[in-house]
Structure formats: C-alpha cells, structure tokens
Amino acid sequence: MLVFKFGGASVKDANGVINLASVVKKFEGNQLLIVVSAMGKTTNALEKLTKAYVEGSDDLHAIFDETKKYHYAIVEQLFDPGDVVFDEVANTFVEIDWVIEDEPHDDFDFIYDQVVSIGELVSTRIVNAYLNKAGLKSSWLDVRGYVQTDNTYREGAVLWDKTCAAIQKDIPGLLQKGIVVTQGFLGGTSENFTTTLGREGSDYTASIFASCLGAESVTTWKDVPGILNADPKFFDDTVKFDELSYAEAIEMTYYGASVIHPKTIKPLQNAKIPLLVKPFSDPLAPGTIIHESSANLFIKPVIILKHNQVLLSISAKDYSFISEVHLSDIFAMFAQNHVKINMMQTSALSFSVCFDLKDDRFKKLLAALGVNFKVKYNNNLTLITVRHYTPASLKELTDGKTILLEQLSRNTIQLVVK
C-alpha cells in the first residue's frame, strides 16, 4: 500500500491535474491513498480573505470571487458542462458564504481554520472527479472524520489513538475498492469543527495515514528534483541529495527547510517507512529517499533561510539577572501565544529570541511580556542556518550583512542578519 502527496504547485492548473492522473496511472495495481493540498496559491488567497473578513475590508467579496473564478476556470477545462463536480465545488464554497454572512465574533485562529480549510476540500473534489473521468476508480474522503485533533486551531495536535482507530476501521476496506483521495493539512475536533495542522501540513497528513496503515512508503511529489542543499529560488548552484537519514531530515526540517513539514518524519521513522521526494514533472526520476540507514554525503553545506524574522530581547525591569524563574515565565507566555522560537540566547541581563513574525500573535506576546519585562525588538530580519558549514560558505552568505546574533555548534551555525 502506497501513500502519495501532491502539493499545491502540482495541481495549480488543469494541466497539473491531468499530469497527476498520468502519474497515478503508472502505479495501477497498487493500493493507493492520495493526499492533496489546496491548488496553487489558494491557501494564501484564503488567508487574505480571512483577514479581510475579520477586519471588515471592502475587498472581502472581490477576494472570494477571484478565488472561485480561479477554481471554476480549472473545472471548465477538465469537465463537460453539467458535470456533477460543478455542484460539488459550488456546495463546498458555500461553507465560506455561511461564515462571512455574519459578523466575526470568534477567535481569529478558529475563523482561519474554518475558511482556509476550504482550499483542500475543493481541490480534492476536483482531483477525485478527474481521476474517475480518466478511468481510475477513486473515492473522496473527508479527512476531518479521521485525523482527530485537539482544539488548538491553526496548530492542531493529533490525537493519535483516536486517529489510528478511525483510519484502521474504514480505510483498508475503501482501498480494496479503489484509490482514496483525501485532504492534507486538515483535522477535525470532537465537536466537528475543522482544525489545521500548520502551514505546509499536507506532508504530515500523508505520514499520519502511512503510519496508521503500515504503508510501504510515502512519496511527496514536488516541483523540485528532490531534496536540495538550498532553496533554488535563492541559490543557483544547488545540489540534490540522493538519500538522507531520518536524523538529518529531522534536523533540516527543524531549522526550517520548507520542502518537508517538520512533523512529517517522526511517524515514518517510528514505523520504519521510507519517504521519497520526487519531481511530479518526471515521475521516473530517482528523487531523494529518506530512510533509516543512509550514508549522508555533504558535498556542499545545507543552507536554510527564514525570512520575516523578529529578534526580541527581554530583560527584567529591575536589572536583575535572567534566572530560571524568569525563563519559566517567558516560555509560558510564548507557549500561550503559540509563538515558536527558532533561536535563543541568554546573557546575564537579557534573553534574546528569534521567531517568525505573525502580527496577531506577536502583538499579544508583546502585551503579555510588557507587564513584567522590558522588551525591544528588530524586525524584517533573516535567519540563516548552515549545517556542515565551511568558513568559505559562511563568508559568502554574510558578505555585506550585519550579524545581530550568532550561535555555533559542531555541525550547525545560525545567524540572524539584516
């Protein structure tokens, strides 16, 4: 039994959906569960729509109309007029109408999950319908009934026992009848509300299903030839890894390598299930395999960039040393406001942390910290993480930049720069 995950870039247009079907056709004869992300940049568009709704912006309906127009254009290229998929897509978008017809009153993160989740629900309706049209028998599955989470919206914590019990009860029987198509990124609560697993969480969804079902492997289909040592958007001379160990992949994702969701590896490693990262444009290419035993060879350093960073310095108002008691209070405030720390450093009088800027959470964090601490910060920064670094590579990366914070270990260096 195989698990495939197709990201937004692989289904960004009608040709992408057609290509997905051609990739799947090469694996006929295998039991196959397919996890699909929202199409193209739909998640970004729905995030913008959510913000417009909460803030009461005049362009709310224009954003929504543009999102629907984009999807209907794809459907019109793939299906004949009157196909049932038109109604399926329309009925799914209605769920956003139900949200935005009332004044916003719930927590932002809750609203976010109810709106942004529609991207995956629509994309999987289209993909499932097209697979059936192409002669590949498949069924659509609402993942929210299977990936069970707590009520932490935008960062749902998976309830593993309930999730695996639900998956193992129904999915094997469905796989015997044909392909199963479901959504990445989404989960459901005991109250039947939608949660999300964090941005780029579709990889994690694939690993959850694979772990619970004992899959032979997971393959994520990407717009790159495999896992590269750096992002080709920013570096011209990247190299592909043929294989990586679970441990190295976990380190890379922890530091922010965006090709795989950080939580993806652990369930696969625990179950000894290999993860393949392959190009959807060349399905027969070898890509990269992540598995238990791998002789990692690093011809070039691994470079990970995280933009839009904040460097926050926290100190006691009475100039006392930063103690374990202070740190306990500070970490509690970060946890309560769902702010993840990317890098931290302690000195006698201050505690410095670097993290992703998310305006709504940052404002709440500043207010909480300001009660008992002095805070100052810089924003619009970049966090550079280099694994298996060389002096020459560091010089090239930092040339012309101001280093605000630096941290060095045996294999890894992190630099906050502007």
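Quick notes on this one:
- Ranked by the mean number of other Cβ atoms within 10 Å of their residues, highest first, the peptides 129-135, 371-377 fall in the order 129-135, 371-377.
- Between helix 118-133 and the chain: long-axis angle, C-alpha atoms, 0 to 90°, nearest 10: 30 degrees
- Rolling a 1.4 angstrom probe over the protein heavy atoms with all chains in place gives the chain an accessible area of 46 Å² per residue.
- The smallest convex shape that holds all Cα atoms of segment 321-360, its convex hull, gives 66 Å³ per residue.
- Net lengthening on full extension, residue 282/residue 349 (0.36 nm per residue, minus Cα-Cα): 18.7 nm
- Within the accessible surface of segment 103-185, defined with a 1.4 Å probe on protein heavy atoms only, the carbon and sulfur portion equals 50 percent.
- Amide H contacts under 5 Å for residue 381, placed H, 5+ residues apart: 308, 309
- For residue 374, the shell of other residues with beta-carbons less than 12 Å away shows a net charge of +1, using +1 for Lys and Arg and -1 for Asp and Glu.
- Relative contact order (%) - criterion: Cα under 8 Å, at least six apart; region: the chain: 13 percent
- Kirkwood Rh and Cα Rg combined as Rg/Rh, segment 204-352: 1.08
- Cα-based Rg and Dmax for segment 40-137, where Dmax is the largest Cα-Cα distance (Å): 14.4, 46
- With all pairs of separate Cα atoms included, segment 250-335 yields a Kirkwood hydrodynamic radius of 17.1 Å.
- The GluC sites (Glu not before Pro) of segment 1-96 that meet both conditions, a loop assignment by DSSP and at most 13 other Cβ atoms within 10 Å of the site Cβ, are 28.
- In loop segments of segment 1-96 as defined by DSSP, the chymotrypsin sites (Phe, Trp or Tyr not before Pro) with at most 16 further C-beta atoms inside 10 Å of their C-beta are 27.
- Cα coordinate range in segment 122-184, projected on the principal axes (Å, largest first): 39, 24, 10
- For residue 41 and residue 338, a Förster radius of 41 Å and the Cβ-Cβ distance give a FRET efficiency of 0.95, rounded to the nearest 0.05.
- HN-Hα J in Hz across segment 89-96 - Karplus 6.51, -1.76, 1.60, θ = phi - 60°, x for Gly and Pro: 5, 4, 5, 6, 5, 4, 4, 6
- Ellipticity estimate at 222 nm from DSSP helix runs (n ≥ 4, -39,500 (n - 2.57)) divided over the chain, nearest 500: -12500 deg cm²/dmol
- Put simply, the amide H of residue 5, placed in the peptide plane, has neighbours under 5 Å in 35, 219, 220, 221, leaving out anything fewer than 5 places away on its chain.
- Applying 0.36 nm per residue to the separation of residue 396 and residue 327 and subtracting their alpha-carbon distance, the gain on full extension is 21.3 nm.
- Taking only the C-alpha atoms of segment 9-95, Rg followed by Dmax gives 15.5, 51 Å.
- Overall Cα dimensions of the chain, principal axis frame, Å, largest first: 70, 55, 41
- Computed on segment 298-418, with alpha-carbon pairs under 8 angstrom and 6+ residues apart, the relative contact order is 34 percent.
- Here the relative contact order of segment 102-175, from alpha carbon pairs under 8 Å that lie six or more residues apart, stands at 25 percent.
- Span from the segment 352-380 Cα centroid across to the segment 78-131 one, whole angstrom: 34 Å
- Our coupling estimate for segment 163-170, obtained by passing each phi through the Karplus curve with A = 6.51, B = -1.76, C = 1.60 and θ = phi - 60°, is 5, 5, 4, 5, 5, 5, 6, 10 Hz, Gly and Pro reported as x.
- Principal semi-axes of the equivalent ellipsoid, √(5λ) from the alpha carbon gyration tensor of segment 115-228, are 21, 17, 16 Å from largest down.
- Candidates 289, 75, 338 compared by Cα position along the dipole of the chain: farthest toward the positive end lies 289, with charges placed on Cβ.
- Against the main long axis of the alpha-carbon atoms of the chain, helix 202-213 sits at an angle near 70°.
- Lys, Arg +1 and Asp, Glu -1 on Cβ, resulting dipole of the chain about Cα centre, debye, nearest 20: 1280 debye
- In this structure the amide hydrogen of residue 342, modeled in the peptide plane, comes within under 5 Å of the amide hydrogens of 354, 355, 356, none closer than 5 places in sequence on its chain.
- Relative to the dominant Cα principal axis of the chain, helix 14-25 is inclined by about 80°.
The values are calculated or read from the model by the stated rules, or taken from the named source; none is laboratory data. In this text, all values refer to a predicted model and were calculated from it rather than measured experimentally. Heads up, the Cβs are rebuilt from the backbone with ideal geometry, glycines too, and the neighbour counts pull from every protein chain shown. Keep in mind that these areas ignore ligands, DNA and RNA; they rest on the heavy atoms of the full protein, side chains included. Shrake-Rupley method; radii C 1.70, N 1.55, O 1.52, S 1.80 Å.
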